[in-house]
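Novice: Take this structure, written in structure tokens, and hold onto it; I'll ask about it next.
Where a number appears in this text, it was derived from the coordinates with a stated rule and is not lab data. Remember, predicted model here, so these are calculated numbers, not experimental data. Reconstructed Cβ throughout: ideal geometry from the backbone, glycine too, with neighbour counts over all protein chains shown.
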Amino acid sequence: MRYHIRPLQPDDLDSLLVLLQEHASYERSPFDPTGKKVRLAEAIFSAKKLHCWIVECNTAVEGFVSFTVDYSTWDASYFIHMDCLYLRERIRGCGIGKEILQRLRLLAAQQNFKNVQWQTPEFNASGIRFYEKNCARPFRKVRFVLDSDEIER
């Protein structure tokens, strides 16, 4: 399969929103697109806080990876946090995910970052198998979320 991995461009934002909806559905999570296109554009293109690469196959956007650079107090080192990796089912198993992981690992090494980290739902058995097959090791923790809009006043 011929594909191209490249940085997201402003014209790709609508395609990214569709992929985000699909990814949320895959992970059994709700998704509300309201205002996200503007906020994503700000984070990626203005603030440069979020990095996003898309996967094109025959000029169609078929997947993406997004990541941030974060800092670990524990390791006293920067690391890449892969926020999302999503490939449409029709392009899975073609080596694209493996190449994305290799590119992220290389980027971390070039920047002298400690590692690349991410999480996936426990029910994502195929994703877990893929990650383990590509030399990732699980690091078990319980993830918590504290919503800012539910703060007691």
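Novice: About the Cα centre of the chain, how large is the charge dipole given +1 on each Lys and Arg Cβ and -1 on each Asp and Glu Cβ? Please answer in debye to the nearest 20.
Specialist: Values: 22 positive and 20 negative charges, 136 e Å.
Here the size comes out at about 660 debye.
Novice: Based on DSSP H runs of at least 4 residues, each adding -39500 (n - 2.57), what is the mean residue ellipticity at 222 nm of the chain after dividing by all its residues, to the nearest 500 deg cm²/dmol? Display every interim value, and only then the final one.
Specialist: On the way: 4 runs with 44 residues, N = 153.
Helix-only estimate at 222 nm: -8500 deg cm²/dmol.
Novice: Follow-up. Round to a whole angstrom and tell me the spacing of the C-alpha centers of region 20-44 and region 91-147.
Specialist: 20 Å
Novice: Put one equal scatterer on each alpha carbon of region 4-150, apply the Debye formula with no solvent term, and list log10 I(q)/I(0) at q = 0.13 1/Å to two decimals.
Specialist: Debye curve over Cα of region 4-150, log10 I(q)/I(0) at q = 0.13 Å⁻¹: -0.63.
Novice: By count of other Cβ within 10 Å, fewest leading, how are 85, 40, 17 ordered? Write out the running numbers ahead of the final one.
Specialist: Working: 85 23, 40 18, 17 15.
Fewest-to-most ranking of 85, 40, 17: 17, 40, 85.
Novice: Just need the relative contact order of region 4-150 here, percent rounded to a whole number, with Cα pairs under 8 Å and 6+ apart. Intermediate results must be reported in sequence, preceding the final value.
Specialist: Values: 155 pairs, mean separation 24.4, N = 147.
Relative contact order comes out at 17 percent.
Novice: If we count other beta carbons within 10 Å of each Cβ, what is the order of 31, 123, 67, fewest first? Mind dumping the intermediate values first?
Specialist: Details: 31 13, 123 9, 67 23.
Arranged by neighbour count, lowest to highest, 31, 123, 67 become 123, 31, 67.
Novice: Test of understanding: what is the full-extension gain from residue 43 to residue 11, defined as 0.36 nm times their sequence separation minus their Cα-Cα distance? Present the calculation step by step, with values, prior to reporting the outcome.
Specialist: Working: separation 32, 0.36 × 32 = 11.52 nm, distance 1.51 nm.
Gain in length upon complete extension: 10.0 nm.
Novice: Let me ask something else about it. Add +1 for every Lys or Arg and -1 for every Asp or Glu among the other residues with Cβ under 11 Å from the Cβ of residue 33, and state the total. If you can, show how the numbers build up before the last one.
Specialist: Details: positive: 36, 37, 39; negative: 14, 32.
Computed value for this residue: +1.
Novice: Related question: Return the single residue from 131, 78, 26 with maximal mean-square fluctuation; model: Gaussian network over the chain, springs between Cα atoms under 10 Å.
Specialist: 26
Novice: Please list the helices of the chain that count as membrane-span-like by this rule: a mean Kyte-Doolittle hydropathy of at least 1.6 together with Cα atoms stretching 30 Å or more along the helix axis, each helix being a complete DSSP H run. Before the final figure, lay out the partial values.
Specialist: On the way: long enough: none.
In the chain, no H run is both long and hydrophobic enough.
Novice: If you don't mind, another one. Work out the FRET efficiency for residue 140 and residue 88 from their Cβ-Cβ distance, taking R0 = 22 Å, and round it to the nearest 0.05. Let's see the in-between values first.
Specialist: Details: r = 29 Å, r/R0 = 1.32.
Working from the Cβ atoms, E equals 0.15.
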